[in-house]
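Chemist: Here's a structure for you.
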Amino acid sequence: MTRWTLEAWLGAGLAATVMVAGAPRAWAQRASDPARIVILTGGEAAGPVPTLNEGPLGATSNTDVTDQLFLHLAELGPTLVTTGDRGFEPGLARSWTRRDSVTLVFDLDPRATWQDGAPVTAQDVVFTFARARNPALAPSLSRLLRRITSVTAEGERRVVFRYTRPYGEQLYDAVFHTAPLPAHLLAHIPAESLARSAFVQAPVGSGPYRWVRRVAGQFVELEANPRFFLGAPAIRHVFYRLATDPEARMNLLLGGEADAMDNVPPPRTNVDRVNAAGNLRLVPFASSTVGYLLFNQRDPRDTSRPHPILGDRDVRRAIVLALDRHKMVRATFGPTADVPFGPTSPMLWIRRGAPAPARADVAEARRLLAARGWADHDGDGTLDRNGSPLTLRILLTITSATRMQIAQQVQEQLRQIGIRIELEGVEFALYNERRNQGRFDLDFASASQDPSPTGLAQSWSCSGGRNVAQFCDPVVDSLIDAAGIATGNTERAWQAVLQRIEADAPAVFMYAPTFFAVVDRRFGNVRIRPESLWLGLREWTVAGSR
Amino acid sequence: MRRWLVRRTLQAALTLLIALVLLFLLIHILPGDPLAREGEHALTPEQTEALRARYGLDRPLFGQLAAFLGGLAKGDLGVSIQYGRPVTELLLERLPATALLGGTVLLLNFVLGVWLGVRQAVRKDSREDRWITTLSLAGYATPSFWLGIVLAGFVGVRWRLLPPAGMRDPLGGGTVATAVDILRHLILPALTLSIVSIAGTMRYQRAALLEVLRLPYIVTARAKGLPESMVIWRHAWRNALFPVLTLFGLWLPILVSGSVFVESVFAWPGLGSLAIGAVGNRDYPLLVGAAVLVAAVVVLGTWLSDVAYAVLDPRVRTS
């Protein structure tokens, strides 16, 4: 009797669970509409408003939503070439012309309106750039726009940009870094209070989608802007659904709770899992990521002195040559990544036409080391010089399984030529602190790059703000400067920069991966844009849409 | 009783204050820079300094502590570095999700745990007792994050019986549908946390009741011919409740802290997942805010269980 009672209780509980589990599925299916998309994201859109997206708010999760709400004056074309005036597609501006080498004129599309119905005017652009160029409001953005001297309105629909000097990326600077804001809604808000205003909680933009709601910690909902002047999107509702854990994102996707995801997380077996799901497909795109082992040029214990081992260019070159990067990349990524020539992610247009990176040459590596006095004098298997062993530590973050896997291969390959490598995996915040303070021998970095090669100056020029390894070659600096102001064949100028960096061996440029977005098969005309993955959403089509 | 209550309340307040100061200092001593970022999108030194001044991180540690305590007295926990929004607002947004998950787990834990513990004690050494003990200890020995991954993988992905993650389907509509949808999403994380925690309650309850069932007044009650259910639930169980009350006080913080790993595995939008992001990003204001909330509930939980003890057992307040 008692056993039956317990089983009855457990049975009742199970039945209730099954009822709850099963019943609403039918409701959800009834409510489902093929013209909606649920996109998984790893971060929450905390302030999706142009000119606020910097510092900690510069995360992709924030800019993804911003780009759906706010249209730029123009957008990068499919070639992602950032120089010249031709490789761009119209946005709020229907055309642009040059008055002279330092003046660019934009004519706004007269059909462009804000989502509240007000027309987009030249004053909106002037207002936005006044904010964006103010270092007190937008320190990072104002630095990017430093070569714009003025933005003025000529009438309702014409905006004139003036620059400090001629250079190839004038148009890029005007259109890429920020999108216009609605002056008629924001002019009355004190500039420094915008981040805390009601506008940030429900932004009004000019883009293909408009804001519906944000459910804290769960999702952001957007709906198609029926008045969008370039054509109302076929996908009527967009949900950016938050799941910080990559495994949870995979589960939501494979469990049928989401339609798209920006990248398949490691391990590689996840790609097979996606392929096995009949409704999903992988869409490859050039990532903005480049991974490299950065050599510290200064002594981590006293940064006023050169690094006792890595300050020597020949030792750095020997390490590069001792590593079979192609083998490591193939073992880690399969065919979905390659070894870059210089610090170039697949998205960076200057990598096209770059020479192939050097292949491993262990004999040459040994010769270089021997020439610099490194030999195994005490027979312990590790090279030494003046009694000091050739031992180096690689700093890396434990959150990256990919980097940890490659670092272990580096350790083994360098061991074979007598270099002892210790791996120092630390958590992300500590990693960043150590890196910024220059407390490392080798740093296994993974950089996310902008489409413009001018960003290279930040990490690879003597005065670069993010040059944590204190790499300094005045020739590289002058080449970067020259390439930055070139207006003709800029590609050749940038190739010269890459070749000089490669020759200096400031890092082992390890991998440049192709990423795979996952998208439900019911969507057509899918184009994943490396500079902003879901920007092309407005042009996607939907099979079976009502 | 009143003097005892005042003394105990003052003790709790002092404990909380010490905990707050220690938490603040420990969090700020942690290595790692809240403004350090990786890659080409890292901040330049000038930007970092500007932000450091904006968030008051350029002040000496004790200056920051004084500012924090001053703000706390006014209910202001500062602004999150990661989100750029007031910490209080962020915590309040996430609190309901954690309270729902934590409350459900507490309810399951204590209702089921007490009930099964009593059943085991009453049927001591029976096959049912042995089975429940074996299963509950197996659950107790299972790491919650592993169990969560397995449940999400099988129940959510392979069999698609329940949602593998999240708190609600963004496509759901209507109040009833949304409520049922939340319930569906709640099952797996609540089950994960309950399976690994219920054994404690059961074992405590079983042991406590077995002790009481041996006492002479229970023999007397049975000798008087009282129904067995009355002997168990009215006479024995009340006195076997004290150890469980202690456990309840200790478990109460789950209401606000949740289980960080389980919230992460199931993408549950509670304080745990908020806190784990704050740890990774060294978002000091948010991290301290979350820690303050947890500390306050821990102290409150202990205070409540002490008060409950005192109410149920006069010897506690007179000793």
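Chemist: Bin width 10 Å, origin at 0, all Cα-Cα pairs of segment A:385-470: what percent of pairs per bin?
Modeler: P(r) over segment A:385-470, rounded to whole percents: 16, 39, 34, 10, 1.
Chemist: Related question: If you take the C-alpha gyration tensor of segment A:232-390, multiply each eigenvalue by 5 and take the square root, what semi-axes do you get, largest first, in whole Å?
Modeler: Semi-axes, largest first: 44, 17, 17 Å.
Chemist: Taking beta carbons within 10 Å but only from partner chains, what does the mean come to for residues B:27-35?
Modeler: The shielding value for this peptide is 4.
Chemist: Could you work out how far apart the two model spin labels at A:Glu412 and B:Arg238 are, taking each label as a point 7 Å from the Cα in the direction of the beta carbon, and quote it in nm?
Modeler: So the two model labels end up 7.0 nm from each other.
Chemist: Now for a different question. Can you compute the helix-only [θ] at 222 nm over chain A? Use -39500 (n - 2.57) per DSSP H run of at least 4 residues, normalise by all residues, nearest 500 deg cm²/dmol.
Modeler: -9500 deg cm²/dmol
Chemist: Taking a cut-off of 34 Å, what percent of all Cα-Cα pairs in chain B are separated by more than that?
Modeler: 39
Chemist: Assuming 1.567 mPa s and 4 °C, estimate D for chain A with Stokes-Einstein, Rh taken as the Kirkwood radius over Cα pairs, in µm²/s.
Modeler: The estimated diffusion coefficient comes to 50 µm²/s.
Chemist: Compute a Gaussian network model of chain B, connecting alpha carbons closer than 10 Å, and tell me which residue from B:Ile182, B:Ile27, B:Ile18 fluctuates the most.
Modeler: B:Ile18
Chemist: Treating the beta-carbon of each Lys and Arg as +1 and of each Asp and Glu as -1, no other charges, what is the dipole magnitude of segment A:290-424 about its Cα centre, to the nearest 20 debye?
Modeler: Roughly 500 debye, rounded to the nearest 20.
Chemist: Moving to a separate point now. So what is the relative contact order of chain A, in percent, for Cα pairs below 8 Å that sit 6 or more residues apart?
Modeler: Relative contact order here is 18 percent.
Chemist: Using amide H atoms built in the peptide plane, which far-off residues or other-chain residues are under 5 Å from A:Thr113 H to H?
Modeler: Answer set, sorted by chain and number: A:Val120, A:Phe229.
Chemist: Restricting to the protein assembly as shown, what percent of DSSP beta bridges are antiparallel, rounded to 5?
Modeler: Within the protein assembly as shown, antiparallel bridges account for around 80 percent of the total.
Chemist: Counting only other chains, what is the mean number of Cβ atoms within 10 angstrom of the Cβ of each residue in peptide B:170-177?
Modeler: Per residue, the average neighbour count from other chains is 6.
Chemist: Normalised by the residues of segment B:1-147, what does the relative contact order come to in percent, with Cα pairs under 8 Å and at least six apart?
Modeler: Once normalised by length, the contact order is 9 percent.
Chemist: In segment B:1-137, if every C-alpha pair distance is counted and binned at 5 Å from zero, what percent goes to each bin?
Modeler: Calculated over all Cα pairs of segment B:1-137, the distribution is 2, 7, 9, 12, 11, 11, 10, 9, 8, 7, 6, 4, 2, 1, 0 percent.
Chemist: As an exercise, take the mean of 1/r over every pair of distinct alpha carbons in segment A:429-546, invert it, and state the Kirkwood radius in angstroms.
Modeler: 17.4
Chemist: Quick one: dipole size for the protein assembly as shown, taken about the Cα centre, charges +1 on Lys/Arg Cβ and -1 on Asp/Glu Cβ, in debye to the nearest 20.
Modeler: The dipole of the protein assembly as shown has a size of about 2380 debye.
Chemist: Can you tell me the convex hull volume per residue for segment B:216-319, based on C-alpha atoms, in Å³ to the nearest whole number?
Modeler: Measuring per residue, one finds 134 Å³ for the Cα hull of segment B:216-319.
Chemist: If you don't mind, another one. Averaged over peptide B:110-121, how many Cβ atoms belonging to another chain are found within 10 Å of each residue's Cβ?
Modeler: 1
Each reported figure results from applying straightforward, stated rules to the coordinates on display, with no laboratory input. Just so you know, these numbers come straight off a predicted model, no measurement behind them. Quick reminder, even Gly has a Cβ in these numbers, built from the backbone with ideal geometry, and neighbours come from all protein chains shown.
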